[in-house]
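First comes the structure, then the notes that go with it.
The values are calculated or read from the model by the stated rules, or taken from the named source; none is laboratory data. Everything numeric in this text was worked out from a predicted model, so none of it was measured. Please note: Cβ atoms are built from the backbone with ideal geometry, for glycine as well, and neighbour counts cover all protein chains shown. Surface accessibility is based on the protein's heavy atoms, side chains included, excluding ligands, DNA and RNA. Shrake-Rupley method; radii C 1.70, N 1.55, O 1.52, S 1.80 Å.
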Amino acid sequence: MKTKQIVFTALGVAELLEAEYLPPKADEVTVRLEYSAISAGTEKANLIGMRNGPSVVEGSEPKFPRTVGYSASGVVTDVGEAVDDIKIGDRVIVFWGKHKQNITIKRTNVIKIPEGISFEEASMALISIFPLAAIRKTRLEIGESAMVMGLGILGIFAVQELHAAGAYPVIAVDPIKERRDLALRLGADFALDPTDGDFVERVKEISDGGVNVCIEVTGLGIGLVQALDCMRKMGRVALLGCTRSSKFEIDYYGKVHGRGISLIGAHTAARPKLESSAGLWTDEDDLKAVLNLIKGKRLNFKDMISEIHSPTEAYEVFTRLAEEKNFPIGVLFDWNKI
């Protein structure tokens, strides 16, 4: 039996190909996807041949094919003999899977979707917990000021989560006006353009001298440098954006060391696997938290969804991702449209 899967077959080329349908082993389940979400930063990096993991050496030759698509939702169609808490017909989030029509995966990589939450919303849930983990690592306290540098999908999630966590003011930063406007609709108190000449002064004015916490999501050296210039003494900067190139310089003595700034590695791989503790939650526990916040109307995923495509449009969609500076927030594949 065959199924379909999106594969990056060469530099800049995405294709929908036939793939093997794998029956579940004892500790696995098979899920027929409803929706899978594009995580723009990671998937663009993989598509254009950038470093695709913390252990990959900078400058190494990119290897293809590559498969991505780690945040999805669907319906369970088969379960392994050792699985007794998930049944056929259950609505589930699939995390750390692929853009694949029928996917067989470990039972530990699915979580049930509560009633009242749509497949579309649930398909983005894993992506939303990346900034949540970064916020936890900063040990944000209610009433502290916060800034998000970069308003792609991770940045917009970060804005909402900072607002829900009690940060004030929440300052959203991006050169693209449409993204700033979306951030203001979804919880930012201020939205600034980092290319404005008085950007740093405006941040310090708004935050009474500098922000306590910054979630840096640009993945650019200049973004990190600007973030450091905006920090209050003893501030904390979570490096959520993957700054995949080391070819930029920072005055560590003046911008970090002398002012007591904490730089916090916040790659999603740097989280516990089995048990949560203060500031360090597992994927599953953060997913449950996000689902509760959606149910409680503290997070708004619906208004982040801007485009839904058939997987047959993968080539066109990923070509846009590679080429467009303002690729839309919240792009999903609908696996019922094959």
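A compact table of results
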quantity	calculated
J(HN,Hα) series, the stretch 182-193, from Karplus relation 6.51 cos²θ - 1.76 cosθ + 1.60, nearest Hz, glycine and proline x	4, 4, 5, 5, 10, x, 6, 8, 9, 9, 10, 9
3J(HN,Hα) from dihedral phi, the stretch 107-120, Karplus parametrisation 6.51/-1.76/1.60, rounded to Hz, x for glycine, proline	3, 5, 10, 10, 9, 5, 8, x, 4, x, 10, 7, 4, 4
Only Lys, Arg (+1) and Asp, Glu (-1) charged, at Cβ; the stretch 1-98 dipole about Cα centre in debye	360
Gain upon complete extension [R202, D285; 0.36 nm per residue less C-alpha separation]	26.2 nm
Top positive-direction residue, dipole computed over the chain with Cβ charges, set I171, S277, I153	S277
Net lengthening on full extension, N300/K233 (0.36 nm per residue, minus Cα-Cα)	20.9 nm
Carbon + sulfur, % of accessible area of the chain - ligands and nucleic acids excluded, 1.4 Å	52
Rel. contact order, % - alpha carbon contacts under 8 angstrom, at least six apart, the stretch 98-257	20
The stretch 96-111-the stretch 135-169 distance, computed between alpha-carbon centres (Å)	29
Where the stretch 252-338 is the region considered: accessible area per residue in Å², 1.4 Å probe	55
Net charge dipole size for the stretch 180-245 [Lys, Arg +1 and Asp, Glu -1 on Cβ; Debye, nearest 20]	320
Table column - 3J(HN,Hα) (Hz), the stretch 267-283, Karplus curve with 6.51, -1.76, 1.60, x for Gly and Pro	4, 5, 6, 8, 9, x, 9, 10, 9, 7, 9, 4, x, 9, 9, 6, 3
Alpha carbon convex hull of the stretch 166-311, projected area averaged over orientations, nm²	11.3
Inter-label distance, nm, simple model (7 Å from Cα along the C-beta direction), E178/T312	2.6
Loop GluC sites (Glu not before Pro), the stretch 275-338, which have at most 16 other Cβ atoms in a 10 Å radius of their Cβ (DSSP)	E275, E324
Contact order relative to length of the chain, as percent, for alpha carbon pairs under 8 angstrom and 6 or more apart	18
Net charge dipole size for the chain [Lys, Arg +1 and Asp, Glu -1 on Cβ; Debye, nearest 20]	440
